[in-house]
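Engineer: I'd like to ask some things about the structure below.
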Amino acid sequence: MSYSDIYAAWQGDPEGFWMEQASAIDWIKPPTKALFDEKAPLYEWFADGECNTCWNAVDRHVEAGRGDQVAIIHDSPVTHSKHEITYAELQSRVASLAGALRAKGVEKGDRVVIYMPMIPEALEAMLACARLGAVHSVVFGGFAANELAVRIDDAKPKAIIAASCGIEPGRVVHYKPLLDGALAVAKHQPEFCVIFQREQEVAHLEEGRDVAWHSFQYGVEPADCVPVKGSDPLYILYTSGTTGQPKGVIRPNGGHMVALSWTMKNIYDVEAGDVYWAASDVGWVVGHSYICYAPLLTGCTTIVFEGKPVGTPDAGTFWRVIEEHGVKILFTAPTALRAIKRDDPKGEHVGKYDLSSLKALFLAGERADPDTIEWSQKLLNVPVIDHWWQTETGYAIAANPLGIEEMPVKLGSPSVPMPGYEVHILDEGGHEVPNGTLGAIAIKLPLPPGTLPGLWNAEERFKKSYLTHFPGYYETGDAGMKDEDGYLYIMARTDDVINVAGHRLSTGGMEEVLAAHPDVAECAVIGVADKLKGQMPMGFLCLNKGTDRDPDEIVKEVVKMVRDKIGPVAAFKLACVVDRLPKTRSGKILRGTMVKIADGEEFKAPATIDDPAILDEIKGALSQIGYPAAKAEAS
Ligand code: COA
Ligand code: AMP
């Protein structure tokens, strides 16, 4: 069957389509129907089915005779180590960890925050929660203590599972002290913390609160899989919205398994026994879906890579991993390839490795620029496939479904909508725009199985953020267009979210930090174009009247504040002091115009601008920090 046959089959009978896909997983009690729309516009899938995600990701493969197959390969150039865990080992490790958590009171529905680097124990912790029906919330290691505290206060976990440390090139990330710092400011306190001690840094354990990963498992009875409803939450993953308060995206158990299983076969063209590698981090949605759950649900071998595309030790690392482990599919962010290309423009490292196992390279997380796609295609000689998705959806909205048919690649487009997604391009008033015209990208409700049914503890925010602007649709927050063949082009965000090195960040959140500086009266943060990271945040500060301090000092202080409050991952390094911010007469900051000035693009002063002279002041302040002229020369 072709892509269009399958898409049409879904459109003709969406519920029948998903009920058929549901047979790919083991149900304790099969669902009687697919969609539960009684509370529309809030929807649930497979709500009356009973299942367990850990069973489907681990135990059933052991039962089916795959116990000796490697489930997880940890390849860690930063610690110079590699090791493998089979499905049978994974089963006993996860059952033991789950048993220990249960012995300390963790039950179905309890939340558990996981704060760990790229080690297999992070996946084991996720699976142990899934085994018990507990809801995990993994927090990315590049966030500062304050961001961790915000998530702890929102999720209210009974337990926190953390590692003693992570390793970034050239420095140790002190996870445990960061956790202690977060707990010192969080209002909510967990009943206990489980600490996995790494040999690179052994952390102090707080008597009465912290237990050690190994010793707390001593003598406990391993836990069996606990049945949960298809609509029960598997995890909460916080992602950036327009403010500093992150959105807790809920992922349900049943639909998630069904949808991910469908994508593995139909988008990535993999099956049990294949080696699948998503070079991301468990703290992001790509890590949840394609390092942990989807490969394991499919019976693949997944790679947990603790390193960087360059510098660990060189730009050939990715190719080494592919050769050494026989990787069939590599999934990464375009920024990683841009980093490799910058270090090794001619791709000389590629020639040193046998990449014959590699069948395709998938890219997501940010717009894949045509240059990067063409460079990778030429070098690797396999299809390079851009696909578009979000934390909220958990898997691709648009892709080139390799497992169905390889459709012609159009550079700059993540190809076509996947079954489940009816994508529309709308104008401000919610009317469909003609092909080739830019508009807001919206998806007709209901969203398919596995996508977010809501935000944790924030139903009104969910409705306001996604469902209100275009009634009957989910608003993606992305702008773009469709061409005459139905290919989508994702061009920009319509909100204050920026994408830095494939990491989703809120400029609003950064503005909240800058505004807290005692000398800052007003501020704005925008995303400016960056050759390597796609975008970089840049801050504009207006100082309080009478402030006579050196502006450079203030800039240094706010840079440090963002690093300390949000974390190094914000990569906030650029800021300048201006007298005024450009605004409309109604007081709205003209961020779009500021971006154009910084990027050296043509721009026209908007008709609504309060005082056009401010734009020259902005230009002047930017040129003092090398924008856009010096930047253009550097790239
Ligand atoms: N824990 C702690 N700190 C982290 C971290 C983690 N897990 N991940 C990143 N950081 C830190 C980095 O060390 C860096 O700190 P520094 O300011 O002290 O140098 C900072 O956060 C910014 O990191 P990053 O934006 O990743 O830049 P980089 O210069 O370290 O690396 C790339 C650039 C392109 C190599 C890297 O961003 C990359 O591999 N990106 C791929 C992104 C990806 O996979 N995204 C997932 C979506 S698919
Ligand atoms: P995240 O939730 O972190 O996965 O970020 C989702 C956002 O990243 C999307 O809303 C887009 O803005 C952007 N994005 C992800 N994948 C792509 C892609 N293939 N092309 C363009 N933008 C993308």
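Engineer: FRET efficiency for K604 and K108, Cβ-Cβ distance as r, R0 = 51 Å, nearest 0.05?
Structural biologist: 0.30
Engineer: Find out how many positive minus negative residues lie around A47, taking Lys and Arg as positive, Asp and Glu as negative, among other residues whose Cβ is under 12 Å from that of A47.
Structural biologist: Spelling it out: positives minus negatives among the neighbours equals -2.
Engineer: Please go through the range 351-409 and write out the GluC sites (Glu not before Pro) that DSSP classes as loop and that have at most 11 other C-beta atoms within 10 Å.
Structural biologist: none
Engineer: Please give the peptides 152-164, 456-468 ranked by average Cβ packing (other Cβ atoms within 10 Å per residue), highest first, as a rough proxy for protection.
Structural biologist: Taking the mean over residues of other Cβ atoms within 10 Å, the ranking is 152-164, 456-468.
Engineer: Taking θ as phi - 60°, what are the ³J(HN,Hα) couplings along the range 330-346 by the Karplus curve (6.51, -1.76, 1.60), each to the nearest whole Hz, with x for Gly and Pro?
Structural biologist: 10, 10, 8, 9, x, 4, 5, 6, 5, 5, 5, 5, 5, 7, 9, x, 8
Engineer: Follow-up question, since we're still on this one. Just in the range 23-54: which GluC sites (Glu not before Pro) are loop by DSSP and have at most 12 other Cβ atoms within 10 Å?
Structural biologist: E38
Engineer: Take the alpha carbon atoms of the range 472-551, find their center, do the same for the range 9-82, and report the distance between the two centers in whole angstrom.
Structural biologist: So the separation of the two Cα centres works out to 35 Å.
Engineer: State, to one decimal in nm², a quarter of the convex hull surface area for the C-alpha atoms of the range 465-608, i.e. the direction-averaged projected area.
Structural biologist: The directionally averaged projection comes out at 11.3 nm².
Engineer: Tally Lys/Arg at +1 and Asp/Glu at -1 over every other residue whose Cβ is under 10 Å from the Cβ of D610; what's the total?
Structural biologist: Numbers: positive: R580, K583, R585, K588; negative: D611.
With Lys, Arg at +1 and Asp, Glu at -1, the neighbours total +3.
Engineer: Something else: Given 0.36 nm per residue, what is the gain on full extension from D314 to K378 after removing their alpha carbon distance, in nm?
Structural biologist: Here the segment from D314 to K378 would lengthen by 21.0 nm.
Engineer: Right, here's the next one. Using alpha carbons only, how many angstrom separate the centre of the range 430-457 from the centre of the range 344-405?
Structural biologist: 25
Engineer: Hey, another quick one. Just to confirm a number: summing +1 for Lys and Arg and -1 for Asp and Glu over residues other than G181 whose beta-carbon lies under 13 angstrom from that of G181, what do you get?
Structural biologist: -2
Engineer: If you don't mind, there's one more thing I want to ask. How high is the relative contact order of the range 79-212, in percent, with contacts defined as C-alpha pairs under 8 Å that are six or more residues apart? Please report the intermediate quantities before stating the final value.
Structural biologist: On the way: 222 pairs, mean separation 29.3, N = 134.
The value is 22 percent.
Engineer: Which lysines, on any chain, are close to K104 with Cα under 28 Å apart, when same-chain ones fewer than 8 places away are left out?
Structural biologist: By straight Cα distance, K104 reaches K156, K158, K176, K187, K229.
Engineer: Taking amide H positions as placed in the peptide plane 1.01 Å from N, state which residues far from R198 in sequence (5 or more) or on other chains have amide H under 5 Å from it.
Structural biologist: Residues meeting the criterion, in which the H sits 1.01 Å from N, are S164, C165, A203.
Engineer: Continuing with the same structure: Specify which residue in the list I250, W18, Y489 is farthest towards the positive end of the charge dipole of the chain, using unit charges on the beta carbon of Lys, Arg (+1) and Asp, Glu (-1), about the Cα centre.
Structural biologist: About the Cα centre, the residue reaching furthest to the positive side is I250.
Engineer: Relative to the present Cα-Cα distance, how much length would full extension add between A9 and H469 at 0.36 nm per residue of separation?
Structural biologist: Details: separation 460, 0.36 × 460 = 165.60 nm, distance 2.95 nm.
Length difference between fully extended and current span is 162.6 nm.
Engineer: Here is a further query. Applying the Karplus parametrisation 6.51 cos²θ - 1.76 cosθ + 1.60 with θ = phi - 60° to the phi angles of the range 238-246, what ³J(HN,Hα) value in whole Hz is obtained for each residue in order, glycine and proline being reported as x?
Structural biologist: Computed from phi, the couplings for the range 238-246 are 7, 9, 6, x, 7, 10, x, 7, x Hz.
Engineer: Ratio of Rg to Rh for the range 222-324, alpha carbon only, Kirkwood?
Structural biologist: Looking at the range 222-324, the ratio lands at 1.03.
Engineer: So, one more: Please name which of H83, V106, P117 has its Cα lying farthest along the dipole of the range 72-123 towards the positive end, using unit charges on Cβ (Lys, Arg +1; Asp, Glu -1) and the Cα centre as origin.
Structural biologist: Positive-end residue among those listed: V106.
Engineer: Which order, highest average first, do 560-570, 593-603, 121-131 follow once you tally other Cβ atoms within 10 Å for each residue and take the mean per peptide?
Structural biologist: In descending order of packing, they fall as 121-131, 560-570, 593-603.
Engineer: Under the rule of at least 5 residues apart or a separate chain, name every residue whose amide H is placed under 5 Å from the amide H of Y238.
Structural biologist: Under 5 Å from the amide H of Y238 lie the amide H atoms of V249, each far enough along the sequence or on another chain.
Engineer: Next up: Given contacts defined as C-alpha pairs under 8 Å and at least six residues apart, what's the relative contact order of the chain, whole-number percent?
Structural biologist: Relative contact order here is 12 percent.
Engineer: How high is the relative contact order of the range 274-348, in percent, counting Cα pairs under 8 Å that sit 6 or more residues apart?
Structural biologist: 37
Engineer: Here is a further query. Suppose R0 equals 35 Å; then what is the FRET efficiency for E199 and D153 from their Cβ-Cβ distance, rounded to the nearest 0.05?
Structural biologist: It comes out at approximately 0.60.
Engineer: Please count, across the range 342-490, the pairs of lysine residues with Cα atoms under 22 Å apart that sit 8 or more places apart or on different chains.
Structural biologist: So the count of such lysine pairs works out to 10.
Engineer: Another question, if that's okay. Within the range 204-296, list the GluC sites (Glu not before Pro) lying in a DSSP loop whose Cβ has at most 12 other Cβ atoms in a 10 Å radius.
Structural biologist: Here the sparse-neighbourhood loop sites are E207.
Engineer: Okay, next question. Treat every Asp and Glu Cβ in the range 44-170 as -1 and every Lys and Arg Cβ as +1, leave all other atoms uncharged, and give the resulting dipole magnitude about the Cα centre to the nearest 20 debye.
Structural biologist: Computed about the Cα centre, the dipole is about 300 debye.
Engineer: Can I ask one more? Of all beta bridges DSSP finds with both residues in the chain, what is the antiparallel percent, to the nearest 5?
Structural biologist: On the way: 57 of 94 bridges.
Counting DSSP beta bridges with both partners in the chain, the antiparallel share is about 60 percent.
Engineer: Stretched out fully, how many nm does the piece from R549 to D611 gain, at 0.36 nm a residue minus the Cα gap?
Structural biologist: On the way: separation 62, 0.36 × 62 = 22.32 nm, distance 2.70 nm.
Extra length available between R549 and D611 comes to 19.6 nm.
Engineer: If you project the alpha carbons of the chain onto the principal axes, what extent comes out on each, in Å, largest first?
Structural biologist: Computed over the Cα atoms, the extents are 72, 61, 57 Å.
Engineer: Now for a separate question. Kindly state, as a whole number, the per residue volume in cubic angstrom of the convex hull around the alpha carbon atoms of the range 336-446.
Structural biologist: 131
Computed from the coordinates by the stated procedures, all read-outs in this text should not be read as laboratory data. Because the structure is a prediction, the values reported are computed rather than measured. Backbone-built Cβ (ideal geometry, glycine too); neighbour counts: all protein chains shown.
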